[in-house]
Amino acid sequence: MYAVIATGGKQYRVQEGAVVRIEKLDAEQGANVEFSQVLLVGAGASVTIGAPYVGSAKVLATVEKHGKGDQVVIVKFRRRKHYMRQGTHRQPYTDVKITSIVA
């Protein structure tokens, strides 16, 4: 069984036992979280599509860890104008382990 959930402005295809890296959540490590914005639930050949969400479906997960992604260099540059700015960014994330999909 698999599902498509929406969190952090993005959509993720998840299944039980999978570890998914999502946008940072305000939850402690080891805490249980529930995703109620389920867009699609599939089991074999049967697929249920929500409009926009599947009403009774939810996905339960456990927070594994928090962290920061790889460093990305940001450069602003204007040629012949003596202008250059450099910076870096590290996007925070949360790894969650999907424990169950309730459809």
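Is it the case, given these coordinates, that Thr7 is touching a His at 6+ places or on another chain (Cβ under 6 Å), at pLDDT 95 or above and on the phi < 0 side of the Ramachandran plot?
On the way: touching a His at 6+ places or on another chain (Cβ under 6 Å): no; at pLDDT 95 or above: yes; on the phi < 0 side of the Ramachandran plot: yes.
So Thr7 does not fit the description; no.
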**Search result, residues across the stretch 21-45 that are part of a strand (DSSP E or B), without any contact (Cβ under 8 Å) to a residue 60 or more places away in the chain and acidic (Asp, Glu)** = Glu34
**Prompt:** If Gly17 satisfies every condition in (1) under 16 Å from the mean Cα position of the chain (by Cα); (2) exposed (fewer than 10 other Cβ atoms within 10 Å of the Cβ); (3) in a strand (DSSP E or B) but one, which is the exception?
**Reply:** (3)
**Asked** What number of residues within the stretch 37-89 satisfy the criterion of being of a type in the set (Lys, Arg) and under 21 Å from Gly17 (Cα atoms)?
**Response** 2
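Take the residues in the stretch 1-14 that are of a type outside the set (A, V, I, L, M) and under 13 Å from the mean Cα position of the chain (by Cα); name whichever of them is surrounded by the fewest Cβ atoms within 10 Å (Cβ to Cβ).
We begin by selecting, within the stretch 1-14, every residue of a type outside the set (A, V, I, L, M); these are 2, 7-13.
Right, trim to under 13 Å from the mean Cα position of the chain (by Cα) and you get 7-13.
On the way: Thr7: 19, Gly8: 12, Gly9: 6, Lys10: 9, Gln11: 12, Tyr12: 20, Arg13: 13.
Residue satisfying both the conditions and the ranking: Gly9.
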**Prompt:** Any idea how many residues of the stretch 52-86 are farther than 26 Å from Asp26 by Cα and assigned to a strand (DSSP E or B)?
**Reply:** 10
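Which of the following residues is over 12 Å from the mean Cα position of the chain (by Cα) and either at pLDDT below 95 or surrounded by 15 or more Cβ atoms within 10 Å (Cβ to Cβ) (or both): Gly67, Gly87, Gly55?
Numbers: Gly67 fails: either at pLDDT below 95 or surrounded by 15 or more Cβ atoms within 10 Å (Cβ to Cβ) (or both); Gly87 fails: either at pLDDT below 95 or surrounded by 15 or more Cβ atoms within 10 Å (Cβ to Cβ) (or both).
It is Gly55.
The values are calculated or read from the model by the stated rules, or taken from the named source; none is laboratory data. Please read these numbers as outputs of a predicted model, since none were measured by experiment. Neighbour counts run over all protein chains shown; Cβ positions are idealised from the backbone, glycine included.
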